[in-house]
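> Can you read through this structure? Questions will come right after.
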Amino acid sequence: MIEDARVAAVDLYWLPLGAGGHSVRYNGRAFEIFAAKKERRPACDLYHSALQVEVGGETYVIEQTPVPNLGGNERGVVAGGAVGHPWAGRLRMFRYEIRVWRGGCIPDVAEAVDSPVRLSDDEGCARCMLATVPQVPTPTWGRDELATGEMWNSNAVIAWVIASSGIDVGSIRPPVGGRAPGWQAGAIAARRQNHQAAKSRRGVPRPNA
């Protein structure tokens, strides 16, 4: 019997915004029509991104979602933040969570478009990604508190995780005709953080030989 030589995989999924829910999809389309008119461009399909990591015989789902209940440990919740306004985060319905869900699933994955996109099959990269997620920034969802020029949202989280794991986030694009609002916010935030970390390392005095 020939065993599967693949020991690790990092896959990106593009899900239509509001997949499985009419309200979010309708509001997303309204937002995109308004944004397209403001920016004088054609309206695009909007996408939400998620990651699936396979390593060590286990599968993990990395995603930012609303908080469905208080049982976060069951979903591998490692971080969270407020939605809309910082003070609103005191209420569960105005909070988001970030998951590293072992054995979890991506809701409505059957609706994913041009997915999965293989980002890496390197075990070191996969393990680095899992270790990186808990360090992701958690500014208020829907606001630009990090001054990147784009709001922070689920796409920002995924882009940050990818970039902070050493994968070239700049080469990744949503499906043709689509847009992933917040993606650049995550990429910019990760680039700034990596630059600051490199600058700090250069500034550390070396011990005498």
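> Here's a check for you: in the stretch 179-192, which residue that is in a helix (DSSP H, G or I) and touching a helix residue (DSSP H, G or I) at 6+ places or on another chain (Cβ under 7 Å) is surrounded by the most Cβ atoms within 10 Å (Cβ to Cβ)?
Top of the filtered list is G186.
> Mind telling me which of the residues V157, V109, V117, V113 ends up being modelled with pLDDT under 95, of a type in the set (A, V, I, L, M) and surrounded by 15 or more Cβ atoms within 10 Å (Cβ to Cβ)?
On inspection, the qualifying residue turns out to be V109.
> Right, E74: surrounded by fewer than 17 Cβ atoms within 10 Å (Cβ to Cβ) and of a type in the set (D, E) or not?
yes
> Mind checking which strands (runs of 3 or more DSSP E) fall wholly inside the stretch 42-130 and carry at least 2 residues that are within 26 Å of R173 (Cβ to Cβ) and not acidic (D, E)?
In the stretch 42-130, the matching strands (runs of 3 or more DSSP E) lie at 45-55, 58-66, 95-102, 117-120.
> For the structure I just gave you, tell me whether T148 is out of contact with any His (no Cβ under 9 Å at 6 or more places or on another chain), modelled with pLDDT of 95 or more and under 21 Å from I98 (Cα atoms).
yes
> Turning to a different aspect of this structure: Spot the failing condition for A156; the list is (1) outside any helix (DSSP H, G or I); (2) of a type outside the set (F, W, Y); (3) in contact (Cβ under 8 Å) with a residue 12 or more places away in the chain, and only one is missed.
Looking at each condition in turn, A156 falls short on (1).
> Considering each residue of the stretch 57-87, count those that are without any contact (Cβ under 8 Å) to a residue 12 or more places away in the chain and not polar (S, T, N, Q), and give that number.
Adding up the residues that qualify gives 5.
> If I ask for residues that are of a type in the set (G, A, S) and over 16 Å from the mean Cα position of the chain (by Cα), which ones from the stretch 67-81 would you list?
G71, G72
The values are calculated or read from the model by the stated rules, or taken from the named source; none is laboratory data. None of the values given here were measured: they were computed from a predicted structure. So basically every Cβ, Gly included, is an ideal-geometry build from the backbone, and we count neighbours across all protein chains shown.
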